[in-house]
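The values are calculated or read from the model by the stated rules, or taken from the named source; none is laboratory data. Predicted model only: the values in this text are computed from it and were never measured. Cβ: placed from backbone, ideal geometry, glycine included. Neighbour counts: every protein chain shown. Surface accessibility is based on the protein's heavy atoms, side chains included, excluding ligands, DNA and RNA. Shrake-Rupley method; radii C 1.70, N 1.55, O 1.52, S 1.80 Å.
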Amino acid sequence: MRILDLLRSCPFEDVEKELQLHYNNVDTEKFYKLYRKLNAMTVKEPLEKEWYLGITVRRMSEDGTDPAVDVSDEKDMDIYYDVSGYEKGGEILYAIGTLPYEEFIQYHIDGNTLKKFLPESILAHALWEITSLGFEDID
């Protein structure tokens, strides 16, 4: 399953609820425009390699470490969602905040991420991360 598949199967209203649950000051209008733009995109240049998106829940600790945790309470303010990409078979994690949108929609969803998160939650965290440096032209 790819990001584009999630976009086409998950209503924005469900994604919006997840965005509002996990993130403060969400500009839902901008996210809706982005969601529509991504959903309408077609792939013109397929990726040469197979890339994956993974989400890890991490807990902030007093000692400055942020270990991964398996179980999380969504209301726990000491956790955050680490969203990153990796190449199939690779171990290096990459930030996705600077990915062109056409590349982003082609990312496959990591198997562990699919098991742990609902589709709307995956999209919410991925959209938040892809816009961490701002929105590309979405009009």
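Okay, here's what the table says:
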read-out: Area of H125 that stays accessible when all protein chains are in place (1.4 Å probe, Å², to 10); value: 0 Å²
read-out: Accessible surface, the chain, averaged per residue in Å² (probe 1.4 Å); value: 61 Å²
read-out: The chain - percent of accessible surface contributed by carbon and sulfur, probe 1.4 Å; value: 47 percent
read-out: Low-density loop positions, trypsin sites (Lys or Arg not before Pro), region 15-109 - DSSP coil, at most 14 other Cβ in 10 Å; value: K44, K49, K75, K88
read-out: Within straight-line cross-link reach of K49, lysines at Cα separation under 28 Å, skipping those fewer than 8 residues along the same chain; value: K37, K88, K115, K116
read-out: Extension reserve of the T98-K17 stretch, reckoned as 0.36 nm per residue once the Cα distance is removed; value: 26.7 nm
read-out: Rough spin-label spacing in nm, given labels placed 7 Å along Cα→Cβ, for S61 and D27; value: 3.7 nm
read-out: DSSP bridge orientation in the chain - percent antiparallel, rounded to nearest 5; value: 85 percent
read-out: Approximate spin-label separation K115-L47, in nm, with each point projected 7 Å along Cα-to-Cβ; value: 2.1 nm
